[in-house]
Amino acid sequence: MKCSICKTGHTRPGITTVTLERDNTVVVIREVPAEICEDCGEYYLNDEIARRVYADAEKTANRHVEVEIQRFAA
């Protein structure tokens, strides 16, 4: 897939770290499968992975945690 950010690179399967912030909560999820641009490093999550990442972050925010670092459960 051609990167929609840099417009020059192409993506390849890889692993990335996703950082999400809402209000006073920061969630870092490591080892997330993604398509990653070989030029700029922008990552793209498929629908299933994105749903899981957002659901985990939502649970963390609902617990009023300030900062949490997780590993993506494959």
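FYI, it's all coordinate maths here, none of it is from the lab. Fair warning: this is a prediction, and the values are worked out from it, not measured in the lab. Counting neighbours? That spans all protein chains shown, and the Cβs are built from the backbone with ideal geometry, glycine included.
Residues of the stretch 1-16 being surrounded by fewer than 14 Cβ atoms within 10 Å (Cβ to Cβ) and of a type in the set (Ser, Thr, Tyr), which ones?
Ser4, Thr8
Hey, among Glu21, Glu58, which residue is within 12 Å of the chain's Cα centre (by Cα) and not hydroxyl-bearing (Ser, Thr, Tyr)?
Among Glu21, Glu58, only Glu21 is within 12 Å of the chain's Cα centre (by Cα) and not hydroxyl-bearing (Ser, Thr, Tyr).
I'm told Arg22 meets every condition in (1) in contact with a helix residue (DSSP H, G or I) (Cβ under 8 Å, 6 or more places away or on another chain); (2) surrounded by 15 or more Cβ atoms within 10 Å (Cβ to Cβ) except one. Can you identify the failing condition by its number?
The one condition Arg22 does not meet is (2).
Does Ile29 count as within 27 Å of Val67 (Cβ to Cβ), surrounded by 13 or more Cβ atoms within 10 Å (Cβ to Cβ) and touching a Gly at 6+ places or on another chain (Cβ under 7 Å)?
It is false that Ile29 is within 27 Å of Val67 (Cβ to Cβ), surrounded by 13 or more Cβ atoms within 10 Å (Cβ to Cβ) and touching a Gly at 6+ places or on another chain (Cβ under 7 Å).
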